[in-house]
Amino acid sequence: MVMEVDKISNLPGHITDKILSHLSLRDAVRTSILSRKWRYKWDSLPYLVFDNQSVLVSSPDQTVIKSKLVNIVDHVLLLHSGPIEKFKLSHRDLQGVNDIDRWILFLSRGSLKEFVLEIWKGHRYRLPSSLYCCQNLIHLELFNCLVKPPPIFNGFRSLKSLDLQHITVDQDVFEYLISSCLLLERLTLMNFEGFTQLNIHAPNLLFFDVGGVFEDVNFGNASHLAIVSIGLYVNAGHDKNPALGNTGNMIKFFAPLPHIQRLEVQSFFLKYLAAGKVPERLPTPCIELNYLSIRINFNDREESLAASCLLRSSPNLQELEMLARPEEQTAVRPAANILQEGSDKCPFNQLRLVKIAGISGGSQELNFINFLLANSPALEMMTVKPASTNGGWELLKELLRFRRASVQAEIIYLDP
């Protein structure tokens, strides 16, 4: 009689590791019933994720939920036998409990490389001092936390990615945290409190994504920065700042970014860029910029001047997106066609795709569309999506009337 081979139990180690890496922690623990050899496979997983998918806890009593969650994490950490490289705690029912301090202290004694902590309920969770001892961290992600490192903190020497959302941190602490992480390549900041000056000193920074309320942004040492998405969530009236002198925010912002390749100007940040003097072109063009997305009030003369400057300073642009802020599309200051004020032509020889959305068919919006069509000989497609159906037919007729530099350019009208 031929014995049936137990293929599951005799899989090579790298195959079982690969299988376990694609399972939630809950399902990985369940593999212990497959066979005797699988019984303790899960307890050496290098990645531990405690979220709503991997930890299912339901009860009308919040105290019961907290107790069960704490017991599960304690049980897993107690039985775990190998190094922990990634630890993620992001359960919607977990508040900032003292047990988190214990877990972080335990993790700080190992070789943790990735730490994600998302506190979805309650007040800001103050991080324990033991977290700042995790010098092998490569990625750190915090949500709803109070960041206040001890005086002896000298930065995370291995950190390459930092994601801070809904956090509170003092101005001087923020600046030191960024500048002391010398290998930092990716920085995300969303909805922060405690500081208003975005002073960024990060010589290896490649990616910067920020959205919040701030007064100013300065790149002291970030010449390698290639991807930037920046949103200012309030219209703060930066055009009245007397400290700008004769330079203006447009020149100040782009001067330290010679290698920017992708830029998203969100919310009211174009208003910030329009503060002070706006040149027709930047002194040093953004020759590597190939993607640009702008949120704009077309009827604001200063914003239109800033957008025009940015377009004229991006000769190698390949993809452009212009999103109108429809709630502001009433004219701030009556203006002639700003795009005709340039002293010479502005060909976009690389521009192939343009997306225009949220417009109402106003004259300044149409001027921008006409300008782009007339100066883009390689254009393949332009999509136009108005904010409403009112005046849609008239808008379509205007679009068809404009001359196109590209014989293959296709204009697609999208219903709102």
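The values are calculated or read from the model by the stated rules, or taken from the named source; none is laboratory data. The model shown is predicted, which means the values in this text are computed figures rather than measured ones. Positions of Cβ are generated from backbone atoms using ideal geometry, with glycine treated the same way; all protein chains shown enter the neighbour counts. Side chains included, ligands, DNA and RNA excluded: accessible areas come from the protein's heavy atoms. Shrake-Rupley method; radii C 1.70, N 1.55, O 1.52, S 1.80 Å.
I'd like to know if segment 236-245 contains one or more residues that are at pLDDT 95 or above, surrounded by fewer than 17 Cβ atoms within 10 Å (Cβ to Cβ) and under 25 Å from the mean Cα position of the chain (by Cα).
Let us first name the residues in segment 236-245 that are at pLDDT 95 or above, namely none.
Checked segment 236-245: no residue is at pLDDT 95 or above, surrounded by fewer than 17 Cβ atoms within 10 Å (Cβ to Cβ) and under 25 Å from the mean Cα position of the chain (by Cα).
Figure legend. Inter-residue proximity from segment 398-416: first residues among the hydrophobic types (A, V, I, L, M, F, W, C), second residues in a helix (DSSP H, G or I), beta-carbon distance below 7 Å, spacing 6+ or different chains. Indicated pairs: L399/I369; F402/I369; F402/N370; F402/L373; A405/L373; A405/A374; A409/L373; I411/L399. The set of residues in segment 248-278 being more than 23 Å from N191 (Cα to Cα), open to solvent by less than 50 Å² (accessible area, probe 1.4 Å) and touching a strand residue (DSSP E or B) at 6+ places or on another chain (Cβ under 8 Å) consists of P256, L257, I260. Of all residues in segment 379-416, those satisfying the criterion of being outside any helix (DSSP H, G or I), open to solvent by 10 Å² or more (accessible area, probe 1.4 Å) and over 17 Å from E321 (Cβ atoms) are S388, T389, N390, G391, F402, R403, R404, A405, V407, Q408, D415.
Which of the following residues is outside any loop (DSSP other than H, G, I, E, B) and of a type outside the set (S, T, N, Q): L78, L159, L137, L112? Walk me through it before giving the result.
Values: L159 fails: outside any loop (DSSP other than H, G, I, E, B); L137 fails: outside any loop (DSSP other than H, G, I, E, B); L112 fails: outside any loop (DSSP other than H, G, I, E, B).
It is L78.
Scanning segment 300-350 for residues that are among the polar types (S, T, N, Q) and either modelled with pLDDT of 90 or more or on the phi > 0 side of the Ramachandran plot (or both) yields S304, S308, S313, S314, N316, Q318, N349, Q350. The set of residues from segment 281-299 being part of a strand (DSSP E or B), more than 18 Å from L257 (Cα to Cα) and either modelled with pLDDT under 95 or open to solvent by 10 Å² or more (accessible area, probe 1.4 Å) (or both) comprises just one member, R295.
Is it the case that S179 is among the polar types (S, T, N, Q) and either at pLDDT 95 or above or crowded, with 17+ Cβ neighbours inside 10 Å (or both)?
Yes.
For residues that are aliphatic (A, V, I, L, M) and open to solvent by 70 Å² or more (accessible area, probe 1.4 Å), scanning just segment 56-93, find the one that is nearest to the chain's Cα centre (by Cα). Taking the candidates together, the pick is L56. Residues in segment 170-201 that are assigned to a loop (DSSP other than H, G, I, E, B) and under 17 Å from D216 (Cβ atoms): D170, F192, G194, F195, T196.
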